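Following: one structure in structure tokens, then a few remarks.
The values are calculated or read from the model by the stated rules, or taken from the named source; none is laboratory data. Note that the coordinates shown come from a computational prediction; the quantities given were computed from them, not determined experimentally. With ideal geometry, Cβ positions are generated from the backbone for all residues, glycine too; neighbour counts draw on all protein chains shown. Each accessible area value is taken on the protein alone, full model and side chains, heavy atoms only, with ligands, DNA and RNA left out. Shrake-Rupley method; radii C 1.70, N 1.55, O 1.52, S 1.80 Å.
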Amino acid sequence: MSVTHTLSPITEFVNRRQQLLAQLPSNSVAIIPAGKEVTRSNDTEYLFCQNKNFYYLTGFNEPDALLVLVKASSEQGSVDQSILFCRDKDPLQEVWHGKRIGPSVAKQDYQFSACFTVQKFEKELPELLNDKDSVYVCQGENEALEQQILQCFKQLKAASRQGKKSPKALVDCTAFIHEMRLIKSSAELTIMRQANVISGQAHQRAMAKTHDGKFEYQIEAELLHEFARHGARFPAYNSIVAGGDNANILHYTENSDVLTNGDLLLIDAGAELAGYAADITRTFPVSGKFSEPQKTLYELVLLSQNKAIEAVKPNNTLGELNTITNKILTEGLYELGILQGDLPSLLAQNACKQYFIHGLGHWLGLDVHDVGDYAIDENRKQSRAFEPGMVMTIEPGIYIPLNDESVDEKWRGIAIRIEDNILVTETGYENLTVNSPKTVSDIETLMANART
Ligand code: GLY
Ligand code: MN
Ligand code: MN
């Protein structure tokens, strides 16, 4: 039975631990906890989702574990260590709740320097921290662990006459890990390409199965079915299946309404594969044929998306991409009479933001809104330069609520978002979203073929 859920070679995880250790000062310790199971109600739990920092460094997919990285001191013979504390084997628990890897198999299969049961963590902690200069954690992520470490500092101080010495500082190592996660390795990109292809298959299936009279949740079921058929059991986030005006609610996940001919259907859904997210949005007509107003707005959003994607290359920025998109959308909405006034001032104010009410994109990886800084200056105003290996979404939209009486009736209730996943390469970009139809003619052809 596979319990790892990883598609990356174990050397990937070993290298990441080494890379993090290389950034820690000598004679320090970093402690990264696994996720915990979360109660849904009474004695049932949500399906487990591993802490992504812990997963990134271990590939180990069980709850109630801790990774301890020990950075060697300058003393002769001192070496870096990578230690896992995990749940012990337990035949009774395993009969009820599933297999556990256990410390001895974990040490071997995941290539740790040492593994202990998680029950030993409390007892081992003073020894691990004694005489170290500093202790690193992802601050703010696990208050109980931070308290336990500070308590251990006190215990060591109180034992100074027995020769014990407390570390001087508890320091944040979040940025080290997040910056590593921001640049994807080729093994990670292989998984992300697969997650995108599986998600594309699901979007195709959703388009083919959509009909007047179906419920949004029935289309959600088609997405989940297609994800799982191809090895991605979980969605990366709750799928948004929003017919008509429901798509004006950005994070609509009720998915409970009936679909109606004449409306658009916006689907924002991506598979999670081996922990990695795809994040794709497609908008298409329930009937299979765009109306003229829907088509006009759709092609405007698509143009703005394509132009932003074409501008992705090393050293460009999300700020620059925003400038491109905002200009196209503002000019387009002005030409259609949806924005009124003086074009230069509309452009100066980025007037499209009245209808394009969210950001253009975000980093993507183990988390759907992935980690890594967006700004590089202290005032957080200047967006950082793209580097090869970064993956982001590009997802412009136009949202016109049904009750917006400031625009002509024909535009009301139209909400469109188009979202692709883009890798920065050495020379430009690679669009990972290769098989989710997105031109009007590709969508209409697929839907017409599905109906014959
Ligand atoms: N699926 C959430 C987003 O597009 O950011
Ligand atoms: Mn997104
Ligand atoms: Mn999305």
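Brief remarks follow.
- Charging the Cβ of each Asp and Glu at -1 and of each Lys and Arg at +1, and nothing else, the dipole of the stretch 10-180 about its Cα centre rounds to 460 debye.
- A straight line joining the Cα centroids of the stretch 243-267 and the stretch 309-388 runs 25 Å.
- Loop-located trypsin sites (Lys or Arg not before Pro) in the stretch 351-452 whose Cβ has at most 10 other Cβ within 10 Å (DSSP): ARG380, LYS381
- Under 14 Å, Cβ to Cβ, from ILE101 - net charge with Lys/Arg +1 and Asp/Glu -1: -1
- Three-way shape call for the stretch 1-131 based on the alpha-carbon gyration tensor, with the a/c threshold at 1.5: prolate
- When the charge dipole of the chain is built from unit charges on Cβ atoms (+1 for Lys and Arg, -1 for Asp and Glu) and taken about the Cα centre, the candidate among HIS225, PRO126, GLN354 whose Cα reaches farthest toward its positive end is PRO126.
- Total lysine pairs in the stretch 152-291 at Cα distances under 14 Å, for residues eight or more apart or on different chains: 5.
- For LEU343, neighbours were defined as the other residues whose beta-carbon sits under 10 Å from its Cβ, and their charges (Lys and Arg +1, Asp and Glu -1) total -3.
- Placing a pseudo-label 7 Å from each Cα along the Cα-to-Cβ vector at SER160 and THR445 gives an inter-label distance of 7.8 nm.
- Across the chain, the longest piece that holds none of the GluC sites (Glu not before Pro) lying in DSSP loops with up to 15 other C-beta atoms within 10 Å covers 255-377.
- Rounded to the nearest 20, the Cβ-based charge dipole of the chain about its Cα centre (Lys and Arg +1, Asp and Glu -1) stands at 1380 debye.
- Leading residue at positive end of dipole, the chain (Cβ point charges), from ALA34, LEU366, VAL241: ALA34
- Total charge dipole magnitude, the stretch 183-450, about the Cα centre, Cβ charges on Lys, Arg, Asp, Glu only, Debye to nearest 20: 440 debye
- Normalised per residue, the accessible area of the chain is 46 Å², obtained with a 1.4 Å probe and no contribution from ligands, DNA or RNA.
- Over the chain, the Kirkwood radius and the radius of gyration, each from Cα atoms, give a ratio Rg/Rh of 1.04.
- Spacing of the two label points (7 Å from each Cα toward its C-beta) at PHE234 and VAL38, in nm: 1.0 nm
- Carbon + sulfur, % of accessible area of the chain - ligands and nucleic acids excluded, 1.4 Å: 49 percent
- Projecting label points 7 angstrom from Cα along Cα→Cβ for LEU250 and GLN111 puts them 4.2 nm apart.
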